[in-house]
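Here the structure comes first, spelled out in structure tokens, and everything after it is commentary.
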Amino acid sequence: MPANSLFRGRPYSWIIKIAILNAGSVFGRIGPNFLGDHVGPFNVLIPMCYASGALVFAMFGVTNIPAVVIVSFLYGFTTGSSAYTRKARIWGR
């Protein structure tokens, strides 16, 4: 994300993107884990990993600020979800 900001000519917008990504990660760590308790952790983990991969490629296509904010938040949500759902699966809860 910082390299993308510098490439697009916005040298200090990467700080805002990282903050939005972290805010999305907080919600991603909480929400999908409750869903994973009911439908199973793998049933939540696999779609979130695919969504995270798709959002990596979506980052290259966004050019305006509102789209960057939305993609940053969604990417933080999906990566936070996949990180904590893996831990729940390893611990067996």
Self-check item: Of all residues making up region 38-77, the number that are open to solvent by less than 30 Å² (accessible area, probe 1.4 Å), over 12 Å from the mean Cα position of the chain (by Cα) and in contact (Cβ under 8 Å) with a residue 12 or more places away in the chain
Solution: 4
Self-check item: Cβ-Cβ under 9 Å pairs, at least 6 apart or on other chains, region 18-31 side over 15 Å from LEU55 (Cα atoms), far side open to solvent by 60 Å² or more (accessible area, probe 1.4 Å) and part of a helix (DSSP H, G or I)
Solution: ALA23/PHE73; PHE27/PHE73; ARG29/TYR84; ILE30/TYR84
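The values are calculated or read from the model by the stated rules, or taken from the named source; none is laboratory data. Just so it is clear, the structure is predicted and the values come from calculations on it, not from any experiment. Counting neighbours? That spans all protein chains shown, and the Cβs are built from the backbone with ideal geometry, glycine included. Surface areas here come from the heavy atoms of the whole protein model, side chains and all, with no ligands, DNA or RNA. Shrake-Rupley method; radii C 1.70, N 1.55, O 1.52, S 1.80 Å.
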